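Structure first, then comments.
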Amino acid sequence: MTPTRRDVFGIGALALATGSVSAAPRGSWAADGLNAAAARKGVAYGSAVNITPLRQNPAYGRALARECGVLVPENAMKLAYAWRAPGPIDFSFADETVAFAASNGQRLRGHTLVWHEGIPAWARERIARDAEGFLRDWIGAMAGRYRGRIEAWDVVNEICGPDGGRADGLRASPWLAALGPRYVDLAFTLLHDADPAAAGVWNENDLELDADWIAPRRAMVLRTLEGMVRRGVPVRRLGLQGHLYAKHPLDQDQLRRFLRDVAGLGLAIEITELDVNDKNFPADLPSRDRAVSDLARRFLDVVLDEPATLNVLTWDITNANSWLNTNPQRRRADGSIQRALPLDESFARTPLWRAMHRAFSEAPDHRAARDRLRRG
Ligand code: 9MR
(Lines give C-alpha, C1' and ligand atoms only; values in the text may rest on other atoms or scores of the structure.)
Protein backbone atom coordinates (compact mmCIF):
# COMPACT_ATOMS: atom_id res chain seq x y z
CA MET A 1 0.00 0.00 0.00
CA THR A 2 1.30 3.46 -0.83
CA PRO A 3 1.88 5.46 2.32
CA THR A 4 -0.24 8.57 2.63
CA ARG A 5 1.32 11.90 3.57
CA ARG A 6 -0.20 11.36 7.02
CA ASP A 7 1.77 8.11 7.40
CA VAL A 8 4.97 9.68 6.17
CA PHE A 9 4.71 12.52 8.66
CA GLY A 10 3.58 10.04 11.30
CA ILE A 11 1.08 12.53 12.58
CA GLY A 12 -1.84 10.26 13.40
CA ALA A 13 -0.81 9.39 16.96
CA LEU A 14 0.21 12.93 17.77
CA ALA A 15 -3.02 14.34 16.42
CA LEU A 16 -4.85 12.10 18.86
CA ALA A 17 -2.53 13.22 21.63
CA THR A 18 -2.99 16.94 20.98
CA GLY A 19 -6.41 16.92 19.35
CA SER A 20 -5.36 19.80 17.13
CA VAL A 21 -4.59 18.29 13.73
CA SER A 22 -7.44 17.48 11.41
CA ALA A 23 -6.24 16.36 7.97
CA ALA A 24 -2.73 16.18 6.57
CA PRO A 25 -2.50 19.26 4.38
CA ARG A 26 -0.49 20.43 1.44
CA GLY A 27 2.23 22.98 2.17
CA SER A 28 0.60 26.17 3.43
CA TRP A 29 3.13 28.65 2.04
CA ALA A 30 1.97 31.36 -0.34
CA ALA A 31 3.23 31.45 -3.92
CA ASP A 32 4.69 34.92 -3.31
CA GLY A 33 6.26 34.06 0.09
CA LEU A 34 9.86 33.47 1.11
CA ASN A 35 9.68 29.69 1.16
CA ALA A 36 8.13 29.60 -2.30
CA ALA A 37 11.05 31.66 -3.64
CA ALA A 38 13.60 29.49 -1.81
CA ALA A 39 11.91 26.22 -2.79
CA ARG A 40 12.11 27.09 -6.48
CA LYS A 41 15.88 26.86 -6.00
CA GLY A 42 15.76 23.69 -3.89
CA VAL A 43 16.33 25.53 -0.58
CA ALA A 44 13.85 25.79 2.29
CA TYR A 45 13.15 28.98 4.22
CA GLY A 46 11.76 28.87 7.71
CA SER A 47 11.63 30.38 11.16
CA ALA A 48 11.80 29.70 14.85
CA VAL A 49 8.37 29.53 16.48
CA ASN A 50 7.55 31.03 19.83
CA ILE A 51 4.60 29.18 21.30
CA THR A 52 3.21 32.01 23.46
CA PRO A 53 2.40 34.45 20.62
CA LEU A 54 1.35 31.47 18.51
CA ARG A 55 -1.37 30.78 21.08
CA GLN A 56 -2.31 34.43 21.46
CA ASN A 57 -2.23 35.87 17.97
CA PRO A 58 -3.64 34.05 14.93
CA ALA A 59 -1.94 36.58 12.64
CA TYR A 60 1.43 35.20 13.77
CA GLY A 61 0.40 31.66 12.83
CA ARG A 62 -0.85 32.87 9.47
CA ALA A 63 2.45 34.67 8.78
CA LEU A 64 4.45 31.54 9.63
CA ALA A 65 2.17 29.47 7.44
CA ARG A 66 2.45 31.87 4.51
CA GLU A 67 6.22 32.35 4.53
CA CYS A 68 7.77 29.14 5.93
CA GLY A 69 8.49 25.64 4.67
CA VAL A 70 10.37 24.59 7.81
CA LEU A 71 9.95 25.48 11.49
CA VAL A 72 11.98 25.05 14.65
CA PRO A 73 10.71 25.54 18.19
CA GLU A 74 12.60 28.47 19.70
CA ASN A 75 12.51 27.01 23.20
CA ALA A 76 9.94 24.21 23.53
CA MET A 77 12.38 21.31 23.03
CA LYS A 78 15.07 22.66 25.36
CA LEU A 79 15.89 20.98 28.64
CA ALA A 80 15.11 24.20 30.53
CA TYR A 81 11.56 24.25 29.19
CA ALA A 82 10.63 20.60 28.74
CA TRP A 83 12.35 19.03 31.76
CA ARG A 84 12.34 21.79 34.36
CA ALA A 85 11.96 19.41 37.31
CA PRO A 86 12.66 15.72 37.91
CA GLY A 87 9.78 13.51 36.91
CA PRO A 88 8.06 13.29 33.55
CA ILE A 89 9.19 15.46 30.64
CA ASP A 90 6.61 18.08 29.64
CA PHE A 91 6.10 17.68 25.90
CA SER A 92 3.05 19.90 25.68
CA PHE A 93 4.74 22.94 24.07
CA ALA A 94 6.80 20.78 21.75
CA ASP A 95 3.72 18.75 20.73
CA GLU A 96 1.88 21.94 19.91
CA THR A 97 4.70 23.15 17.68
CA VAL A 98 4.94 19.79 15.93
CA ALA A 99 1.17 19.72 15.39
CA PHE A 100 1.20 23.27 14.02
CA ALA A 101 3.93 22.41 11.50
CA ALA A 102 2.12 19.23 10.52
CA SER A 103 -1.14 21.08 9.99
CA ASN A 104 0.70 23.37 7.56
CA GLY A 105 2.65 20.62 5.79
CA GLN A 106 5.92 22.17 7.04
CA ARG A 107 9.14 20.36 7.85
CA LEU A 108 10.66 20.58 11.32
CA ARG A 109 14.04 21.04 12.92
CA GLY A 110 14.73 20.02 16.52
CA HIS A 111 16.56 22.42 18.87
CA THR A 112 18.58 21.62 21.00
CA LEU A 113 19.73 18.45 22.79
CA VAL A 114 23.08 19.40 24.36
CA TRP A 115 23.77 22.98 25.43
CA HIS A 116 25.79 24.56 28.21
CA GLU A 117 22.96 27.03 28.91
CA GLY A 118 19.61 26.34 30.51
CA ILE A 119 20.48 23.22 32.46
CA PRO A 120 18.17 23.09 35.50
CA ALA A 121 19.87 22.62 38.89
CA TRP A 122 18.38 19.16 39.39
CA ALA A 123 19.75 18.05 36.00
CA ARG A 124 23.20 19.46 36.79
CA GLU A 125 23.34 17.27 39.84
CA ARG A 126 22.43 14.20 37.85
CA ILE A 127 24.88 15.09 35.09
CA ALA A 128 27.68 15.34 37.67
CA ARG A 129 26.78 11.82 38.93
CA ASP A 130 25.66 10.01 35.76
CA ALA A 131 26.02 12.14 32.66
CA GLU A 132 25.87 9.27 30.20
CA GLY A 133 22.68 7.86 31.73
CA PHE A 134 21.10 11.30 31.77
CA LEU A 135 22.02 11.98 28.13
CA ARG A 136 20.65 8.58 27.13
CA ASP A 137 17.34 9.22 28.90
CA TRP A 138 16.97 12.78 27.61
CA ILE A 139 17.90 12.21 23.97
CA GLY A 140 16.06 8.89 23.89
CA ALA A 141 12.88 10.49 25.22
CA MET A 142 12.90 13.80 23.33
CA ALA A 143 14.22 12.65 19.95
CA GLY A 144 12.43 9.31 20.33
CA ARG A 145 9.03 10.97 20.79
CA TYR A 146 9.30 12.76 17.44
CA ARG A 147 11.09 9.95 15.62
CA GLY A 148 10.47 10.22 11.88
CA ARG A 149 9.07 13.76 12.11
CA ILE A 150 12.21 15.86 12.54
CA GLU A 151 14.36 16.54 9.50
CA ALA A 152 17.41 17.57 11.50
CA TRP A 153 18.28 17.87 15.20
CA ASP A 154 20.67 20.37 16.73
CA VAL A 155 22.54 17.74 18.71
CA VAL A 156 25.19 20.02 20.17
CA ASN A 157 24.85 23.79 20.40
CA GLU A 158 27.62 26.38 20.83
CA ILE A 159 30.32 23.93 21.93
CA CYS A 160 33.22 25.94 20.55
CA GLY A 161 34.93 27.69 23.44
CA PRO A 162 34.77 31.46 23.42
CA ASP A 163 37.98 31.73 25.47
CA GLY A 164 40.51 29.61 23.58
CA GLY A 165 41.38 27.96 26.89
CA ARG A 166 41.76 24.36 25.70
CA ALA A 167 43.85 22.81 22.95
CA ASP A 168 40.79 21.09 21.48
CA GLY A 169 38.86 24.37 21.56
CA LEU A 170 35.84 22.95 23.39
CA ARG A 171 33.82 25.19 25.68
CA ALA A 172 33.82 24.48 29.40
CA SER A 173 30.42 22.96 30.29
CA PRO A 174 28.85 20.43 32.66
CA TRP A 175 28.93 17.92 29.79
CA LEU A 176 32.66 18.39 29.21
CA ALA A 177 33.37 18.28 32.93
CA ALA A 178 31.48 15.01 33.39
CA LEU A 179 32.37 13.09 30.24
CA GLY A 180 35.36 14.79 28.66
CA PRO A 181 35.39 15.53 24.91
CA ARG A 182 33.68 12.21 24.11
CA TYR A 183 30.29 13.74 25.03
CA VAL A 184 30.10 15.17 21.51
CA ASP A 185 30.40 11.84 19.68
CA LEU A 186 28.16 10.19 22.26
CA ALA A 187 25.36 12.71 21.76
CA PHE A 188 25.37 12.19 17.98
CA THR A 189 25.32 8.42 18.41
CA LEU A 190 22.42 8.64 20.85
CA LEU A 191 20.43 10.78 18.42
CA HIS A 192 21.12 8.26 15.68
CA ASP A 193 19.83 5.47 17.93
CA ALA A 194 16.70 7.44 18.84
CA ASP A 195 15.84 8.72 15.35
CA PRO A 196 18.04 7.35 12.57
CA ALA A 197 16.28 9.44 9.90
CA ALA A 198 17.01 12.77 11.58
CA ALA A 199 20.21 14.44 10.41
CA GLY A 200 22.53 15.21 13.33
CA VAL A 201 23.59 18.87 13.34
CA TRP A 202 26.37 20.72 15.13
CA ASN A 203 24.86 24.18 15.60
CA GLU A 204 27.45 26.89 16.25
CA ASN A 205 27.58 30.66 16.65
CA ASP A 206 30.12 33.30 15.65
CA LEU A 207 31.50 31.67 12.52
CA GLU A 208 30.07 34.09 9.96
CA LEU A 209 31.64 37.49 10.35
CA ASP A 210 35.12 38.88 10.14
CA ALA A 211 37.05 39.50 13.38
CA ASP A 212 40.44 38.28 14.53
CA TRP A 213 38.84 35.87 17.00
CA ILE A 214 36.58 34.23 14.37
CA ALA A 215 39.32 32.57 12.28
CA PRO A 216 40.47 30.25 15.11
CA ARG A 217 36.84 29.27 15.71
CA ARG A 218 36.43 28.24 12.08
CA ALA A 219 39.67 26.28 12.28
CA MET A 220 38.48 24.51 15.45
CA VAL A 221 35.16 23.57 13.85
CA LEU A 222 36.82 22.20 10.72
CA ARG A 223 39.42 20.26 12.69
CA THR A 224 36.80 18.78 15.01
CA LEU A 225 34.41 17.89 12.19
CA GLU A 226 37.23 16.20 10.28
CA GLY A 227 37.93 14.00 13.28
CA MET A 228 34.27 13.15 13.74
CA VAL A 229 33.83 12.22 10.10
CA ARG A 230 36.98 10.08 10.27
CA ARG A 231 35.68 8.27 13.36
CA GLY A 232 32.34 7.60 11.65
CA VAL A 233 30.33 9.77 14.06
CA PRO A 234 26.84 10.32 12.56
CA VAL A 235 27.17 14.08 12.10
CA ARG A 236 25.50 15.17 8.87
CA ARG A 237 25.26 18.96 8.94
CA LEU A 238 26.87 22.09 10.30
CA GLY A 239 24.44 24.78 11.43
CA LEU A 240 25.68 28.36 11.23
CA GLN A 241 23.39 30.36 13.47
CA GLY A 242 23.73 33.49 11.35
CA HIS A 243 23.30 36.09 14.09
CA LEU A 244 24.77 39.03 12.16
CA TYR A 245 25.99 42.16 13.90
CA ALA A 246 26.27 45.65 12.48
CA LYS A 247 29.50 46.12 14.38
CA HIS A 248 31.40 43.35 12.54
CA PRO A 249 32.17 43.40 8.82
CA LEU A 250 31.57 40.41 6.57
CA ASP A 251 34.43 38.99 4.52
CA GLN A 252 32.64 37.14 1.75
CA ASP A 253 35.73 35.32 0.45
CA GLN A 254 36.66 33.92 3.85
CA LEU A 255 33.10 32.78 4.50
CA ARG A 256 32.90 31.21 1.06
CA ARG A 257 36.12 29.25 1.67
CA PHE A 258 34.90 28.05 5.06
CA LEU A 259 31.61 26.77 3.64
CA ARG A 260 33.50 25.01 0.81
CA ASP A 261 35.74 23.31 3.39
CA VAL A 262 32.71 22.11 5.39
CA ALA A 263 31.01 20.83 2.24
CA GLY A 264 34.29 19.14 1.29
CA LEU A 265 33.85 16.88 4.31
CA GLY A 266 30.61 15.60 2.77
CA LEU A 267 28.44 17.61 5.17
CA ALA A 268 25.42 19.76 4.48
CA ILE A 269 25.05 23.32 5.80
CA GLU A 270 22.09 25.09 7.36
CA ILE A 271 21.61 28.68 8.46
CA THR A 272 19.66 28.09 11.62
CA GLU A 273 19.06 31.41 13.43
CA LEU A 274 19.52 34.30 11.00
CA ASP A 275 18.84 37.84 12.19
CA VAL A 276 20.60 41.21 12.13
CA ASN A 277 21.46 43.02 15.34
CA ASP A 278 21.21 46.62 14.12
CA LYS A 279 22.53 48.28 17.31
CA ASN A 280 25.39 49.99 15.49
CA PHE A 281 23.35 51.07 12.48
CA PRO A 282 21.74 54.54 12.32
CA ALA A 283 18.43 55.28 14.04
CA ASP A 284 16.88 56.66 10.87
CA LEU A 285 14.70 53.84 9.55
CA PRO A 286 15.31 53.97 5.80
CA SER A 287 19.10 54.08 6.31
CA ARG A 288 18.94 51.37 8.94
CA ASP A 289 16.80 49.10 6.79
CA ARG A 290 19.19 49.61 3.90
CA ALA A 291 22.18 48.64 6.05
CA VAL A 292 20.39 45.60 7.54
CA SER A 293 19.26 44.40 4.12
CA ASP A 294 22.68 44.93 2.60
CA LEU A 295 24.46 42.91 5.30
CA ALA A 296 21.92 40.09 5.11
CA ARG A 297 22.03 40.07 1.33
CA ARG A 298 25.82 39.88 1.19
CA PHE A 299 25.71 37.02 3.70
CA LEU A 300 22.95 35.15 1.85
CA ASP A 301 24.67 35.54 -1.50
CA VAL A 302 27.65 33.56 -0.21
CA VAL A 303 25.55 31.04 1.67
CA LEU A 304 23.27 30.41 -1.31
CA ASP A 305 26.18 30.13 -3.73
CA GLU A 306 27.26 27.06 -1.75
CA PRO A 307 25.40 24.02 -3.14
CA ALA A 308 25.59 22.23 0.24
CA THR A 309 23.29 24.80 1.88
CA LEU A 310 19.89 23.20 2.49
CA ASN A 311 17.88 25.50 4.76
CA VAL A 312 17.83 29.14 5.83
CA LEU A 313 15.88 29.86 9.02
CA THR A 314 15.49 33.19 10.76
CA TRP A 315 15.28 33.38 14.55
CA ASP A 316 11.55 34.13 14.52
CA ILE A 317 9.92 35.95 11.65
CA THR A 318 8.61 39.18 13.17
CA ASN A 319 10.59 41.91 14.91
CA ALA A 320 7.94 41.82 17.64
CA ASN A 321 9.14 38.41 18.83
CA SER A 322 12.87 38.74 18.19
CA TRP A 323 15.11 38.00 21.18
CA LEU A 324 16.92 41.20 20.14
CA ASN A 325 13.83 43.12 21.20
CA THR A 326 12.51 40.97 24.04
CA ASN A 327 15.87 40.59 25.82
CA PRO A 328 16.65 43.95 27.56
CA GLN A 329 20.40 43.47 27.09
CA ARG A 330 20.00 43.28 23.33
CA ARG A 331 17.73 46.28 22.81
CA ARG A 332 18.91 49.42 21.08
CA ALA A 333 20.02 52.25 23.35
CA ASP A 334 17.66 54.67 21.56
CA GLY A 335 14.68 52.46 22.47
CA SER A 336 13.71 51.95 18.83
CA ILE A 337 12.77 48.39 17.88
CA GLN A 338 15.51 46.36 16.17
CA ARG A 339 14.76 45.74 12.49
CA ALA A 340 16.22 42.26 12.68
CA LEU A 341 13.71 40.09 10.83
CA PRO A 342 11.72 39.89 7.59
CA LEU A 343 8.36 41.01 9.06
CA ASP A 344 7.61 44.07 11.19
CA GLU A 345 5.45 44.14 14.33
CA SER A 346 2.25 44.16 12.21
CA PHE A 347 3.47 41.22 10.11
CA ALA A 348 4.10 43.48 7.11
CA ARG A 349 7.03 42.61 4.88
CA THR A 350 10.10 44.80 5.45
CA PRO A 351 13.00 45.79 3.18
CA LEU A 352 14.86 42.84 4.72
CA TRP A 353 12.07 40.55 3.49
CA ARG A 354 12.53 41.95 -0.01
CA ALA A 355 16.31 41.50 0.15
CA MET A 356 15.86 37.88 1.24
CA HIS A 357 13.29 37.24 -1.46
CA ARG A 358 15.66 38.60 -4.09
CA ALA A 359 18.55 36.55 -2.68
CA PHE A 360 16.49 33.36 -2.98
CA SER A 361 15.17 34.27 -6.42
CA GLU A 362 18.65 35.00 -7.78
CA ALA A 363 20.33 31.99 -6.13
CA PRO A 364 21.68 29.09 -8.18
CA ASP A 365 19.62 25.90 -8.33
CA HIS A 366 20.34 23.62 -5.35
CA ARG A 367 18.06 20.75 -6.24
CA ALA A 368 20.68 18.20 -7.32
CA ALA A 369 22.88 18.84 -4.27
CA ARG A 370 19.86 18.86 -1.98
CA ASP A 371 18.63 15.47 -3.18
CA ARG A 372 22.09 14.00 -2.65
CA LEU A 373 22.63 15.57 0.77
CA ARG A 374 19.18 14.84 2.19
CA ARG A 375 19.73 11.16 1.41
CA GLY A 376 23.23 11.18 2.93
O1 9MR B 1 15.57 33.17 21.65
C2 9MR B 1 15.77 32.30 22.75
C3 9MR B 1 15.25 32.92 24.04
O4 9MR B 1 13.83 33.06 23.98
C5 9MR B 1 15.62 32.06 25.22
O6 9MR B 1 15.27 32.73 26.44
C7 9MR B 1 17.12 31.75 25.22
C8 9MR B 1 17.49 30.79 26.33
O9 9MR B 1 16.86 29.53 26.18
O10 9MR B 1 17.50 31.16 23.99
C11 9MR B 1 17.25 31.99 22.87
O12 9MR B 1 17.67 31.31 21.69
C13 9MR B 1 19.06 31.06 21.54
C14 9MR B 1 19.20 29.72 20.85
O15 9MR B 1 18.52 28.72 21.55
C16 9MR B 1 20.68 29.36 20.67
N17 9MR B 1 21.40 30.41 19.99
C18 9MR B 1 21.23 31.75 20.54
C19 9MR B 1 19.75 32.09 20.66
C20 9MR B 1 19.55 33.53 21.14
O21 9MR B 1 20.03 33.66 22.45
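Decide, for the stretch 95-192, between rounded, prolate and oblate: order the square roots of the alpha carbon gyration tensor eigenvalues as a ≥ b ≥ c, take rounded if a/c falls under 1.5, and otherwise choose prolate if a/b is larger than b/c, else oblate. Intermediate values should be presented prior to the final figure.
Details: a/c = 2.28, a/b = 1.76, b/c = 1.30.
Prolate is the answer for the stretch 95-192, as a/c is 1.5 or above and a/b outweighs b/c.
Which three semi-axes in whole Å describe the equivalent ellipsoid of the stretch 226-376, each the square root of 5 times a Cα gyration tensor eigenvalue, listed largest first? It would help to have the intermediate numbers written out before the result.
On the way: eigenvalues 183, 51, 39 Å².
Over the Cα atoms of the stretch 226-376, the semi-axes work out to 30, 16, 14 Å.
In Å², what does the accessible area per residue of the stretch 260-376 work out to with a 1.4 Å probe? Provide the component values of the computation, followed by the final result.
Working: 4690 Å² over 117 residues.
Accessible area per residue: 40 Å².
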Amide H neighbours of Ala199 under 5 Å, at least 5 residues apart or on other chains, H built in the peptide plane: list them. Ala152, Trp153
Magnitude of the charge dipole, the chain, Cβ model with Lys/Arg +1 and Asp/Glu -1, debye to 20: 680
Calculate the radius of gyration of the Cα atoms of the stretch 267-341 to one decimal place, then report Dmax, the largest Cα-Cα distance, as a whole number, both in Å. 13.4, 42
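DSSP loop GluC sites (Glu not before Pro) in the stretch 87-173 with at most 12 other Cβ atoms within 10 Å of their Cβ, which ones? Let's see the in-between values first.
Values: sites: Glu96, Glu117, Glu125, Glu132, Glu151, Glu158; in loops: Glu117, Glu151, Glu158.
Those that pass, being in a loop and sparsely packed, are Glu117.
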Return the carbon/sulfur percentage of the accessible area of the chain, one whole number, probe 1.4 Å, all protein chains in place. 52
Simple spin-label model, 7 Å along Cα-to-Cβ: Arg84 to Ala31 in nm? 4.6
Please express the shape of the stretch 185-293 as an equivalent ellipsoid: the semi-axes are the square roots of 5 times the eigenvalues of the C-alpha gyration tensor, given largest first in whole angstrom. 31, 16, 10
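At a Förster radius of 25 Å, what calculated FRET efficiency corresponds to the Cβ-Cβ distance of Glu125 and Arg372, to the nearest 0.05? Could you put the intermediate results ahead of the total?
Numbers: r = 45 Å, r/R0 = 1.78.
Step by step, r from the Cβ atoms, then E = 0.05.
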Options Gly118, Gly266, Ala219, ranked by Cα towards positive dipole end of the chain, top entry (Cβ charges): Gly266
Any chance you could look up the accessible area of Val229 with a 1.4 Å probe, heavy atoms only, rounded to 10 Å²? 60
Step by step: find N for the chain, compute 2.2 N^0.38 Å, then divide the Cα radius of gyration by it. What's the final number? 0.94
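Report the full-extension gain for the segment Gln56 to Arg257: residue separation times 0.36 nm, less the Cα-Cα distance, to one decimal in nm. Can you show the working numbers first?
Numbers: separation 201, 0.36 × 201 = 72.36 nm, distance 4.35 nm.
The Gln56-Arg257 span can extend by a further 68.0 nm.
Hand me the trypsin sites (Lys or Arg not before Pro) from the stretch 223-312 located in a DSSP loop with no more than 14 other Cβ atoms within 10 Å, in residue order please.
Values: sites: Arg223, Arg230, Arg231, Arg236, Arg237, Lys247, Arg256, Arg257, Arg260, Lys279, Arg288, Arg290, Arg297, Arg298; in loops: Arg236, Lys247, Lys279.
For trypsin sites (Lys or Arg not before Pro) across the stretch 223-312 that sit outside H, G, I, E and B with at most 14 neighbouring Cβ atoms in 10 Å, the list reads Lys247.
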Once each part is reduced to its C-alpha centroid, what is the distance from the stretch 314-357 to the stretch 172-215 in angstrom? 28
Could you list which residues have their amide H under 5 Å from that of Val72, counting only those 5 or more apart in sequence or on another chain, with H placed in the peptide plane? Ser47, Ala48, Val49, Arg109
Roughly speaking, what is the centre-to-centre gap between the stretch 243-291 and the stretch 134-156 when only Cα atoms are used, to the nearest Å? 29
Please compute the length gained on full extension between Arg166 and Glu362, using 0.36 nm multiplied by the number of residues separating them and subtracting their Cα-Cα distance. 66.4 nm
Where a Cα-Cα gap under 17 Å defines reach, which lysines qualify for Lys247, not counting those fewer than 8 residues away within the same chain? Lys279
Can you give the extra length, in nm with one decimal, that the chain gains between Ile337 and Arg230 once fully stretched, where that is 0.36 nm per residue apart less the Cα-Cα distance? 33.9 nm
Counting only residues 5 or more places away or on other chains, whose amide H sits under 5 Å from the amide H of Leu313 once H atoms are built in the peptide plane? Gly46, Ile271, Thr272, Glu273, Leu274
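The values are calculated or read from the model by the stated rules, or taken from the named source; none is laboratory data. Fair warning: this is a prediction, and the values are worked out from it, not measured in the lab. With ideal geometry, Cβ positions are generated from the backbone for all residues, glycine too; neighbour counts draw on all protein chains shown. Quick note on the areas: whole protein, heavy atoms, side chains included, nothing else; ligands and nucleic acids left out. Shrake-Rupley method; radii C 1.70, N 1.55, O 1.52, S 1.80 Å.
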